[in-house]
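Here the structure is laid out as structure tokens; the discussion comes afterwards.
Laboratory data are not the source of any read-out in this text; all were calculated from the coordinates shown. This is a predicted model, so every value here is computed, not measured. Neighbour counts are summed over all protein chains in view; Cβ atoms, including those assigned to glycine, are modelled from backbone coordinates with ideal geometry.
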Amino acid sequence: MRRPLTITEVSYEELVAKAHAIAGAGGRGHLHTTLPGCLITGSPRRAIVLEATDERAVYGFFDDQPIEERAKPLAILLHGADSVPDDCETLAPASSAVNTMADRMRAGKGHFHILNPVCLANPNPGQWTILFEDDELGVLERATAERPLADIRLVERLIYA
């Protein structure tokens, strides 16, 4: 695990093109949205980070403005529409650990990451990890062998709200 990740900075347009190239080729890649000071980037700026798994490369678009609206279609493209629920869609219950983290986020206390089994920032390689950076409580996490879709859907709803 390397944190912060070594990131090649690109424009938003280049990041979008790379995401579409990965998806179009049936390749593997995933996205992170980060806030200033996030462990993944270590940057004082917001970022959309693309891990191009098959290339073993990491690309990032950095901005001072909110990035979630620009990241959401890329998350759907790379992670699948099943992981990013519509705003009005009813969610299945998430785990108690992730619900606790979600309550902290709703109170403005931190932010989430969904780290898949091959993610370079994952402290639990080979497992799915829901990681929550909390200024008061530190880093909270929940790791599972199976893809925790209910947890992922709650986290994605909060990230893109």
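Pairs of Cα atoms nearer than 8 Å and 6+ residues apart set the relative contact order; for the range 1-76 it is 33 percent. Against the chain, whose longest principal axis comes from its Cα atoms, helix 96-106 is set at around 70 degrees.
Using θ = phi - 60° in the Karplus curve 6.51 cos²θ - 1.76 cosθ + 1.60, the 3J(HN,Hα) couplings for the range 129-137 round to 10, 9, 10, 10, 8, 10, 4, 8, 9 Hz; x is entered for Gly and Pro. Note that the range 6-12 has calculated 3J(HN,Hα) couplings of 7, 10, 8, 6, 9, 6, 4 Hz, one per residue in order, obtained from phi through the Karplus relation 6.51 cos²θ - 1.76 cosθ + 1.60 (θ = phi - 60°); glycine and proline are x. Around Ser96, under 15 Å between beta carbons, what's the net of Lys plus Arg minus Asp minus Glu among the other residues? Summing Lys and Arg as +1 and Asp and Glu as -1 gives -1. Note on the chain: GNM, Cα springs under 10 Å; of Ala145, Ala75, Ala102, the largest mean-square fluctuation is that of Ala145. Label point of Thr6 set 7 angstrom out along Cα-Cβ; within the range 122-146, amide nitrogens under 19 Å from it belong to 122-123.
Of all segments of the chain bounded by GluC sites (Glu not before Pro) found in a DSSP loop with no more than 12 other C-beta atoms within 10 Å, the longest spans 1-88. Compute the acute angle (0 to 90°) between the alpha-carbon long axis of helix 149-159 and the principal axis of greatest extent of the alpha-carbon atoms of the chain; round to the nearest 10°. The angle comes out near 80 degrees. Take every Cα pair under 8 Å whose residues are at least 6 apart in sequence, average their separation, divide by the length of the chain, and the relative contact order is 21 percent. Rg over Rh for the chain works out to 0.93, both radii taken from alpha-carbon positions and Rh defined as the Kirkwood radius.
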